[in-house]
1. So if I check each of S102, S43, which one is open to solvent by less than 30 Å² (accessible area, probe 1.4 Å), modelled with pLDDT of 95 or more and of a type in the set (G, A, S)?
2. Y301 is checked against (1) assigned to a strand (DSSP E or B); (2) touching a residue at least 60 places away in the same chain (Cβ under 8 Å); (3) out of contact with any Ser or Thr (no Cβ under 6 Å at 6 or more places or on another chain) and fails just one. What number does that condition carry?
3. Within segment 239-266, restricting attention to residues that are assigned to a loop (DSSP other than H, G, I, E, B) and in contact with a strand residue (DSSP E or B) (Cβ under 7 Å, 6 or more places away or on another chain), which residue is surrounded by the most Cβ atoms within 10 Å (Cβ to Cβ)?
4. Give me a count of the residues in segment 112-151 that are outside any loop (DSSP other than H, G, I, E, B), polar (S, T, N, Q), touching a strand residue (DSSP E or B) at 6+ places or on another chain (Cβ under 7 Å) and surrounded by fewer than 21 Cβ atoms within 10 Å (Cβ to Cβ).
5. Among the residues of segment 8-31, are any over 20 Å from the mean Cα position of the chain (by Cα), closer than 26 Å to L79 by Cα, open to solvent by 10 Å² or more (accessible area, probe 1.4 Å) and among the hydroxyl-bearing types (S, T, Y)?
6. For D225, are the conditions met, namely being closer than 16 Å to P183 by Cβ, modelled with pLDDT under 95 and surrounded by fewer than 15 Cβ atoms within 10 Å (Cβ to Cβ)?
7. Which of the numbered conditions does D164 fail, given that it passes all the others? Conditions: (1) modelled with pLDDT of 95 or more; (2) open to solvent by 80 Å² or more (accessible area, probe 1.4 Å).
Amino acid sequence: MDLHILDHRLRVTSISKNGLISYTHPLIKLIFLRNRTRCKFFSLTETPENYTVVLDEEGFKELPPSEHLQVESSIWLSLNVASNGNASSSSQAVGVTKIAKSVIAPLAQQHVSVFMLSTYQTDFILVREKDLSVVISTLEEEFNIFREVGGEYLPVGCQDFTNDLQKNGKEAIQPTVHPVLIPQNQFCVMSLDPETLPSIATLLIDVLFYSNSPKEDSGSSADQDLDCIKFFSFSLIEGYISLVMDTEAQRRFPADLLFTSSSGELWRMVRIGGQPLGFDECGIVAQISQPLADGDISAYYISTFSFDHALVPEEDIVSVTDMLHNQRKEPATT
């Protein structure tokens, strides 16, 4: 298999809900006015806590510093597993599941923190730029690794680096098993022809910037655990659009413009984390994706500034729930 290191240097940021008004102008520019920016990698995800914005350095220049903007300090690089032209069988698991054992688990064992962004088209594995040599040395036996330079993919290996070539020799640390929340929303993973984006501009602006969030200040937290949560993700990466929204939001869009897979499946969310996860802990994605891979269950995975989110087929949510609950009952082993 081929592993591509894409030619994007990315920043992971968070915009507070009450500070969004200060950023609507640059965000609208990044989403709709592509001829006015050189940004090629842009993703915006709304959760109940905040807006996570992942974007390249050109896009990052558009965001003015303020007290409402948090910026993770690292530069992140995007990895992508190429299919080599082999079409996947419709019966095969898709999303992060298919790379759980070949990419996610080995990186976790080498203490490499990853930030996942699954889209309708593919899965982007974000790693810190400073960890690249460890990433390459860890994965080069499994993959032919290429780095995008000026639009061309050039083969790379550890011989291209002059230091830090060794794998991390630390003993594997048992990761924290984080609590999960499974809201009641049904979600859709869809795409859109970029040429039709202007025709839904006002609707998309309304959904992103003006829709009311679910009631967050009423009822006990235990009661809210079974409720729907606000989650909407829009990505525009190298000209391809991906959208993740619940069925309530989907009904607001013209059915003939959004398209999904031929089966039109619905997805349920597993939200990972009781407290904000941070960026330094390793193995969070692996502790979710590996059991799903063992069960051959498809999953999209979207990391955000505070929490992680896995989307699994609705028909599998009961088995996934049982699987994760059993995982949390098992005593920790090394």
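The values are calculated or read from the model by the stated rules, or taken from the named source; none is laboratory data. Computed from a predicted model, the values in this text were never measured in an experiment. Heads up, the Cβs are rebuilt from the backbone with ideal geometry, glycines too, and the neighbour counts pull from every protein chain shown. With ligands, DNA and RNA removed, areas are computed over all heavy atoms of the protein, side chains included. Shrake-Rupley method; radii C 1.70, N 1.55, O 1.52, S 1.80 Å.
1. S43
2. (3)
3. Per the stated criteria, the residue is L266.
4. Kept after step one, since they are outside any loop (DSSP other than H, G, I, E, B), are these residues of segment 112-151: 114-118, 123-139, 144-149.
Among the residues that remain, those that are also polar (S, T, N, Q) are: 118, 133, 137-138, 144.
If we keep only those that are touching a strand residue (DSSP E or B) at 6+ places or on another chain (Cβ under 7 Å) too, we end up with 118, 144.
Next, only the ones that are surrounded by fewer than 21 Cβ atoms within 10 Å (Cβ to Cβ) stay: 144.
Counting residues in segment 112-151 that are outside any loop (DSSP other than H, G, I, E, B), polar (S, T, N, Q), touching a strand residue (DSSP E or B) at 6+ places or on another chain (Cβ under 7 Å) and surrounded by fewer than 21 Cβ atoms within 10 Å (Cβ to Cβ) gives 1.
5. There is no residue in segment 8-31 that is over 20 Å from the mean Cα position of the chain (by Cα), closer than 26 Å to L79 by Cα, open to solvent by 10 Å² or more (accessible area, probe 1.4 Å) and among the hydroxyl-bearing types (S, T, Y).
6. yes
7. Of everything listed in (1) modelled with pLDDT of 95 or more; (2) open to solvent by 80 Å² or more (accessible area, probe 1.4 Å), D164 misses just condition (1).
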